[in-house]
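To keep things clear, I will list the structure first and then write my remarks on it.
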Amino acid sequence: MTQGLISIVQDGKVVMKIITGADGQCASKVAKAIKKLGHIPEPEEAYDLALRHGFGHESSLVVMNGKETFHKTDTEGFEKGYRQTFDNPEFNPRWDHGTADYTQIVHL
């Protein structure tokens, strides 16, 4: 399992995180695709974009923006911890120590 984190930052503020516990090495592909979009995708759009570029699996992929969380995992109760660290673009909420093998920050 290869952890991956993509944070989208606008005006110095985190507006979205795309988090996976598998295939994190594809983070740069997704980051480039988001830059090409030129706008902040809706959570479901970002989720589909991540999967199309091989970033994550349905069992571990989570997309969050400031208001909602989109995922298809069967994991319950994880969102509180994810929300607590949402404003830190480099913090991977899947791990207590906050690191990810692959991290991309997209500035829009």
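The values are calculated or read from the model by the stated rules, or taken from the named source; none is laboratory data. Predicted model only: the values in this text are computed from it and were never measured. Backbone-built Cβ (ideal geometry, glycine too); neighbour counts: all protein chains shown. Quick note on the areas: whole protein, heavy atoms, side chains included, nothing else; ligands and nucleic acids left out. Shrake-Rupley method; radii C 1.70, N 1.55, O 1.52, S 1.80 Å.
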Every residue from region 24-47 that is assigned to a loop (DSSP other than H, G, I, E, B) and open to solvent by less than 50 Å² (accessible area, probe 1.4 Å): Pro41
Residue in region 87-103 that is outside any loop (DSSP other than H, G, I, E, B) and touching a residue at least 12 places away in the same chain (Cβ under 8 Å) present: yes
Of all residues making up region 48-66, the number that are part of a loop (DSSP other than H, G, I, E, B), of a type in the set (S, T, N, Q) and in contact (Cβ under 8 Å) with a residue 40 or more places away in the chain: 1
Single condition Leu5 does not satisfy, out of (1) in a loop (DSSP other than H, G, I, E, B); (2) at pLDDT 95 or above: (1)
Subset tally (residues that are surrounded by fewer than 19 Cβ atoms within 10 Å (Cβ to Cβ) and farther than 18 Å from Leu108 by Cβ) for region 49-70: 9
Candidate set from region 8-23 (those that are more than 11 Å from the chain's Cα centre (by Cα) and in a loop (DSSP other than H, G, I, E, B)); member that is surrounded by the most Cβ atoms within 10 Å (Cβ to Cβ): Asp23
Inter-residue pairs, beta-carbon under 8 Å, first farther than 12 Å from Met16 by Cα and in region 35-47, second surrounded by fewer than 16 Cβ atoms within 10 Å (Cβ to Cβ), 6+ apart: Lys35/Leu108; Gly38/Leu108
